[in-house]
Amino acid sequence: MADSDDSTVDPKIWVACLACYNGGSLHGRWFDVGTDPDDLHHEVMAFFAKGCETCGEYERECPECRAFAAPFRCGGEELAVHDHEGLGDVGEAYDLPRLCAIAALVDEFEDRPVLAYLARVDEDVERAREGLREHYAGRWDNLAEWAESWAEDAGLGTEQLWPYVDWERYARDLELSGDVETLDVGGAVHVFRR
């Protein structure tokens, strides 16, 4: 079964006021998720928060606005992420540092199956970063193709014997032994060495 990976979509979240939602109205909007959680938080606050008496609207540089941003214009006090794109399985928690860390991972490894691998390592961002950096062995049409290339690079066997090697079986044995791990994403096999 193929793993899913929507890391080609720019990361964004739909943030909504929880009180409004529970009261039967949807008050929120889409926000692009960059790599800086403070920037994202201030952008969200500029949409929801009243701001202070001096500014009237929420101003990022105003210490009063930053300290007394709630209650929101709508009367609510709590935000939730009601929808998202390009971030994998992140749930509804308003955890901007985590969301920005995932967006940074997607940005750093744009040519790799970031979200599928993140799901494979139990959503652990640092573990995913390490695996994508240290263990990723490329994109292949199938694992047998990778195994043959790896064996060539390692200087295993002689060219006269190579036509007799069952590369699919060899690749399957490498995967079963735990020497490699694969992700099948979009018809391609992404290989991670162990």
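The values are calculated or read from the model by the stated rules, or taken from the named source; none is laboratory data. Quick caveat: nothing in here was measured; it's all calculated off a predicted structure. Here the Cβ is made from the backbone with ideal geometry for all residues, glycine too, and neighbour counts use every protein chain on show.
Out of region 163-182, which residues are of a type in the set (Asp, Glu) and over 22 Å from Ala116 (Cβ atoms)?
Narrowing region 163-182 to residues of a type in the set (Asp, Glu): 166, 168, 173, 175, 179, 181.
Passing the criteria: Asp166, Glu168, Asp173.
Looking at region 60-78, can you tell me whether even one residue there is closer than 25 Å to Leu115 by Cα and either surrounded by 19 or more Cβ atoms within 10 Å (Cβ to Cβ) or under 26 Å from the mean Cα position of the chain (by Cα) (or both)?
Of region 60-78, the ones closer than 25 Å to Leu115 by Cα are none.
No - not one qualifying residue is present in region 60-78.
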For this session: Confirm whether Val165 is among the β-branched types (Val, Ile, Thr) and at pLDDT 90 or above.
Result: no
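Condition check ((1) in contact with a strand residue (DSSP E or B) (Cβ under 8 Å, 6 or more places away or on another chain); (2) on the phi > 0 side of the Ramachandran plot; (3) in contact (Cβ under 8 Å) with a residue 24 or more places away in the chain) across all residues:
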{"site": "Glu57", "(1), (2), (3)": "no, no, no"}
{"site": "His82", "(1), (2), (3)": "yes, no, yes"}
{"site": "Gly88", "(1), (2), (3)": "no, yes, yes"}
{"site": "Tyr94", "(1), (2), (3)": "yes, no, yes"}
{"site": "Leu99", "(1), (2), (3)": "yes, no, yes"}
{"site": "Asp122", "(1), (2), (3)": "no, yes, no"}
{"site": "Arg127", "(1), (2), (3)": "no, no, no"}
{"site": "Asn142", "(1), (2), (3)": "yes, no, yes"}
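Each row is one residue, and each column tells you yes or no for (1) within 30 Å of Leu79 (Cβ to Cβ); (2) at pLDDT 90 or above; (3) surrounded by fewer than 17 Cβ atoms within 10 Å (Cβ to Cβ).
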{"residue": "Gly91", "(1), (2), (3)": "yes, no, yes"}
{"residue": "Ile102", "(1), (2), (3)": "yes, yes, no"}
{"residue": "Ala116", "(1), (2), (3)": "yes, yes, no"}
{"residue": "Ala119", "(1), (2), (3)": "yes, yes, no"}
{"residue": "Glu123", "(1), (2), (3)": "yes, yes, yes"}
{"residue": "Glu148", "(1), (2), (3)": "no, no, no"}
{"residue": "Glu159", "(1), (2), (3)": "no, no, yes"}
{"residue": "Leu176", "(1), (2), (3)": "no, yes, yes"}
{"residue": "Phe192", "(1), (2), (3)": "no, yes, no"}
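In region 1-53, which residue that is of a type in the set (D, E, K, R), closer than 24 Å to Gly88 by Cα and outside any helix (DSSP H, G or I) is modelled with the lowest pLDDT?
Taking region 1-53 as the starting set, the residues that turn out to be of a type in the set (D, E, K, R) are 3, 5-6, 10, 12, 29, 32, 36, 38-39, 43, 50, 53.
Pick out the ones that are also closer than 24 Å to Gly88 by Cα and you get 3, 5-6, 10, 12, 29, 32, 36, 38-39, 43.
Those still in the list that are outside any helix (DSSP H, G or I) too: 3, 5-6, 10, 12, 29, 32, 36.
On the way: Asp3: 47, Asp5: 60, Asp6: 64, Asp10: 90, Lys12: 95, Arg29: 93, Asp32: 96, Asp36: 95.
Among them, the one singled out is Asp3.
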